[in-house]
1. Can you tell which of B:Glu198, B:Glu158 is within 15 Å of the chain's Cα centre (by Cα) and among the charged types (D, E, K, R)?
2. How many residues are more than 10 Å from every other protein chain (Cβ to nearest Cβ) and touching a residue at least 12 places away in the same chain (Cβ under 8 Å) when one looks only at the range B:91-108?
3. In this structure, is B:Leu23 surrounded by 21 or more Cβ atoms within 10 Å (Cβ to Cβ), closer than 15 Å to B:Asp207 by Cβ and in contact with a Leu (Cβ under 7 Å, 6 or more places away or on another chain)?
4. Select from the range B:95-146 the residues that are crowded, with 19+ Cβ neighbours inside 10 Å and of a type outside the set (A, V, I, L, M, F, W, C) and list them in ascending order.
5. Which of the residues that make up the range B:163-182 are touching an Asp or Glu at 6+ places or on another chain (Cβ under 8 Å) and in contact (Cβ under 8 Å) with a residue 40 or more places away in the chain?
6. When the residues of the range B:76-90 are filtered to those that are under 19 Å from the mean Cα position of the chain (by Cα) and surrounded by fewer than 18 Cβ atoms within 10 Å (Cβ to Cβ), which remaining residue is farthest from the other protein chains (Cβ to nearest Cβ)?
7. Check the range A:169-192 and report whether any residue there is surrounded by fewer than 24 Cβ atoms within 10 Å (Cβ to Cβ) and basic (Lys, Arg).
8. Output the helices (runs of 4 or more DSSP H) that fall wholly within the range A:65-166 and possess 1 or more residues being more than 30 Å from B:Tyr102 (Cβ to Cβ), at pLDDT 75 or above and not polar (S, T, N, Q), or say none.
Amino acid sequence: MIGGALLGYLGIRIVLARKSFASSAVSQLSGFGAVLSLFLASGDPHDHLPMAAGFLTGIAGAALFSLSGSGRRLPGDAVLAAAVIGSSALTLIASRLLGIETRHVVQAFYGDAVTATADEMYLFAGAAALAAGLAYLFRERFLLTAYDPDTAAVIGLPVRRWIVLQGFIMGGVIALGTKILGALAVFAFSVLPATTALLLAGNLRAASAMAAGAGALSAALGYYLSFVFDLPTGPSMAGTALAGYLAALLLRRKD
Amino acid sequence: MNPTLLQAEGLYLGYGQSRLGPLNFSLGRGEALSVFGPNGGGKSTLVRTLCGLIPPAGGRFRFPEGRPRTGYVPQKSRLDPLYPLTAAEVVSHPLTAVQTWYRRDHGGIARRTADALGMVGLEDRASMLFRSLSGGQQQRVLIARALALEPDLIVLDEPASGLDRESESRITRLLQTLTRTRRCAIVMVSHDQAGAAEITPHWLHLDWQQGLVELSEAKR
């Protein structure tokens, strides 16, 4: 629920920045980072090195993605698509060269809410609290540098630094969330609650609160349904988030 | 004699090998300068150079009293319309962003936001979404945002662009009032020289294609 709520809240920024595939790109990049660490260090897929490498690769990628699309030649989503394609392909190639079965790589880095350990949960909760605190404290600076970077620069804000910091925060949450919840659930929570909220809420403040609530609710309901009907947890949570979005499409506000 | 707020000294605008200049002029508190010229003439480049968004290609701006607090009014189209922000939030965000979180004066920010919206006649539109306002109202919100910062210098990039005559007149009257009652300087980019003349007799004509820089007599 913590993950769903936080990703829902941060997802508002991701969707409004037109970088809805950022979460997928960061997850894939994190997976590639995990496999690359195995390739370079010949380590055990289940020790801490792949997770640390995946985390660092994820936040570095997120910081870079946050700056993409600000030039004139390429839109940001093309850069994200290239990252998804490249990371996925290189992960599979590296796994093959290492002689590691892909499912072991998936288990090492792409987690599941059911199999996450207590230590991983505590780590994620702590990171989530820190990320939520920073995102809330500096929300006006993050917003202004996103929707009006020129004015932000004129009043003296170092725009690129704030954009990169926001990228680090999102990347960290996504990379850790991928290990705890799984890539599909993280992708779903970072997009669908936000789109649901933006369809229903009258302003950004309400949308942010609503997205957090929708994320938490989707996580709880999806987890419950997966338990009751013996379904895979990540897809169940993604499914409940999707149901919320579809309902919002029917009930959407008119501006 | 108004104290000098800014001085352009041998200023060149531009990027790389393409330069326009030199510009030499000064602006004091309570004075206004309109900048006009054709599309691509260098007007927005001057504005962005003055606001520190891009460096000059040569020369400099000098600020005898230190860099002034600047209220920047971009063209309304530069704000991303996807963000569901209210008029009050658009006005208050820069105010909040410049204050550190543990010293934030929420009451003061709310008061300045309300005052600024009142100055532009939009106090009853504070809770409306910015993107649902008319073009003229959006431009007035952006002016309010600049005013809320209590600037020494207001820089406006084509504030009447795409507006009907009534909205344009409203903004002209507002700017006339600002020059009379406030001690801030105004630099305003405009397509319409006649309209700008209603606000100030001082003008700068830029035409990059022709390599033309022409300053009104009183400003030389």
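The values are calculated or read from the model by the stated rules, or taken from the named source; none is laboratory data. Please read these numbers as outputs of a predicted model, since none were measured by experiment. Ideal geometry is used to build each Cβ from the backbone, glycine not excepted, and the neighbour counts take in all protein chains shown.
1. Result: B:Glu158 is the single residue among B:Glu198, B:Glu158 that is within 15 Å of the chain's Cα centre (by Cα) and among the charged types (D, E, K, R).
2. Applying the first criterion (more than 10 Å from every other protein chain (Cβ to nearest Cβ)) to the range B:91-108 yields B:91, B:103, B:105-108.
Filter once more, keeping what is touching a residue at least 12 places away in the same chain (Cβ under 8 Å): B:91.
Here the count works out to 1.
3. On the way: surrounded by 21 or more Cβ atoms within 10 Å (Cβ to Cβ): yes; closer than 15 Å to B:Asp207 by Cβ: yes; in contact with a Leu (Cβ under 7 Å, 6 or more places away or on another chain): yes.
Spelling it out, B:Leu23 is indeed surrounded by 21 or more Cβ atoms within 10 Å (Cβ to Cβ), closer than 15 Å to B:Asp207 by Cβ and in contact with a Leu (Cβ under 7 Å, 6 or more places away or on another chain).
4. Answer for the range B:95-146, where residues must be crowded, with 19+ Cβ neighbours inside 10 Å and of a type outside the set (A, V, I, L, M, F, W, C): B:Thr96, B:Arg112, B:Thr113, B:Arg125, B:Gly136, B:Gln137, B:Gln138, B:Gln139, B:Arg140, B:Arg145.
5. B:Thr179
6. Taking the candidates together, the pick is B:Ser77.
7. Among the residues of the range A:169-192, not one is surrounded by fewer than 24 Cβ atoms within 10 Å (Cβ to Cβ) and basic (Lys, Arg), which makes the answer no.
8. On the way: elements: A:76-98, A:102-109, A:118-137, A:139-147, A:149-154.
So the answer is A:76-98, A:118-137.
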